[in-house]
Amino acid sequence: MITVEDARALLFDLVSPLDVETVPLVEAAGRVLAQDVSATRDQPPFAASSMDGYALKSAEVELHAMFKVIGESAAGRRFEGTVGPGQAVRIFTGAPVPEGADFVVIQEDTDRRGDLLTITDEPGSKSNIRPAGIDFQTGTQISAPRVLRPEDVALMAAMNIPTAPVTRKPVVALISTGDELVMPGETPGPDQIIASNTFGLKALLENAGAQVRILPIARDTIASLETAFGLAEGADLVVTIGGASVGEYDLVADVSQSLGMERSFYKIRMRPGKPLMAGRLGDSAMVGLPGNPVSAMVCGYLFLIPMVRRMLGIEQALTPFQRAILAEPIGENGPREHYMRAILDHTGIRACADQDSSLLSVLAQANALLVREPHDPARAAGDEVLYLPI
């Protein structure tokens, strides 16, 4: 058995950043920017008013000064003339500042009667003008790699960038295995259960940026598994769920190796999730997850998400562990690293009472995995511990 850290390093050796594709900006949110992009214009492209008011010469701005209003400048429709001495132009927020003006008196500080404008309140020293290019200038870059947030998309739109070079989404094929499984909505036999892992992992992986294909359930026969692996062809990552242990019906290892799988490792010194297998199958990375629902999901957080992030070219593929204070004491840990389902709130972090790896209801209540090192001693309330948010 190997450690979680060693397993992650070996898994990273199985994958690498994928190629780049170009998508319309409207589809870019949540994708990983693969190449730097640059603004094609200044923002704003002209000196613009930041307030509704009157544009005039700053040298003439003083209390009770009077001006003749000679025109209007609105957003999208500038005043084409020049502001001379003793003149003012009505201006609105976002409108271009007319030539000859370098100050905007806000309308609340003025009184206007016909074309006669009077400054009635102390206007202060702020010009109320946004200089051209104050937000960004032609050539300003958005650096890759980065997951594009809505704010990034808005910035790219303002930069007049209509498309985004992004990393192709990793294609992940999920294969649930076992005669005992049926799909949600079907009627299970007396000895069958519903395939839940596939759907939890699909949601987890798609949230991380992958494109996920759910393949038909593979039965506990060599022919069924071979068919499932054939359907997974073309995926960047093939994930099997169940069948990776050592029972008579656990055929994934034998079938995958007969198809040419080059094993990287088998079994990790952790709980839950010990019987995990990984390697390469043709052009695809392959990970064989344990069948217990919680084990599969915990391995998804610890191993599959970092693999997806690495394929997407994200520099920090691993989610860093965080620290919290124990709200309740916990007993000593055994010889394997333990990722305990836990609940983190304003009082601290507490391990869920039942850590059985089959209990999805407990995992659904948890929002953290409390990390225990091998042979970690008993911990008292108030001790600082590591956790992984989920």
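The values are calculated or read from the model by the stated rules, or taken from the named source; none is laboratory data. Owing to the predicted nature of the structure, the values given are computational and were not obtained by experimental measurement. We place every Cβ from the backbone using ideal geometry, glycine too, and count neighbours over all the protein chains shown. Only protein heavy atoms, including side chains, enter the accessible area calculation; ligands, DNA and RNA are left aside. Shrake-Rupley method; radii C 1.70, N 1.55, O 1.52, S 1.80 Å.
Simple rule: put +1 on each Lys or Arg Cβ and -1 on each Asp or Glu Cβ in the stretch 123-255, find the dipole, and look at T221, G234, I161; the Cα lying farthest toward the positive end is I161.
Bridging of K202 to lysines at a Cα separation below 18 Å is possible for K169, once same-chain residues fewer than 8 apart are set aside.
Once all protein chains are placed together, R323 keeps about 150 Å² accessible to a 1.4 angstrom probe. Expressed to the nearest 5 percent, the antiparallel share of DSSP beta bridges inside the chain is 70 percent. Need the list of lysines near K126 for cross-linking: C-alpha distance under 17 angstrom, and skip anything on the same chain fewer than eight residues off. Within the straight-line cut-off, K126 pairs with K57. Computed with a 1.4 Å probe on the full set of protein chains, the accessible area for T3 sits at about 50 Å².
Spatially, the stretch 122-143 and the stretch 82-113 are offset by 18 Å when compared through their Cα centroids.
All other residues whose Cβ lies under 11 angstrom from that of E180 are scored, Lys and Arg at +1 and Asp and Glu at -1, for a net of -2. Report the percentage of all Cα-Cα pairs in the chain whose separation exceeds 26 Å, rounded to a whole percent. Every Cα pair in the chain considered, those over 26 Å come to 65 percent.
For a bin width of 5 Å, list the pair-distance distribution of the stretch 246-365 built from all Cα-Cα distances, rounded to whole %. Once binned at 5 Å, the Cα pair distances of the stretch 246-365 give 2, 9, 16, 19, 20, 15, 10, 6, 3, 1, 0. Mean sequence separation of contacting Cα pairs (under 8 Å, at least six apart), scaled by the length of the chain, corresponds to a relative contact order of 16 percent. Which residue, A285, A173, A324, has the most motion in a Gaussian network model of the chain that connects Cα atoms within less than 10 Å? Result for the chain, Cα springs under 10 Å: A324 fluctuates most. State the percentage of accessible surface on the chain attributable to carbon and sulfur atoms; use a 1.4 Å probe and exclude ligands, DNA and RNA. It is 49 percent, rounded to a whole number.
Magnitude of the charge dipole for the stretch 19-108, about its Cα centre and with charges confined to Cβ atoms of Lys, Arg (+1) and Asp, Glu (-1), is about 320 debye. Solvent-accessible surface of the chain, averaged per residue with a 1.4 angstrom probe and all protein chains in place: 47 square angstrom. For E233, E206, E60, the ranking by accessible surface with the largest value first comes to E233, E206, E60, using a 1.4 Å probe. For the stretch 139-206, taking Cα atoms only, Rg and Dmax work out to 20.8, 66 Å respectively. P(r) tail for the stretch 61-166: Cα pairs beyond 20 Å make up 52% of the total.
Dividing the summed helix terms, -39500 (n - 2.57) for each DSSP H run of n ≥ 4, by the number of residues in the chain produces a 222 nm estimate of -4500 deg cm²/dmol to the nearest 500. Under a Gaussian network description of the chain, with springs only between Cα atoms under 10 Å, the residue in P44, P190, P374 that fluctuates furthest is P190. Projected onto its three principal axes, the C-alpha set of the stretch 1-114 covers 86, 28, 21 Å, listed from the longest axis down.
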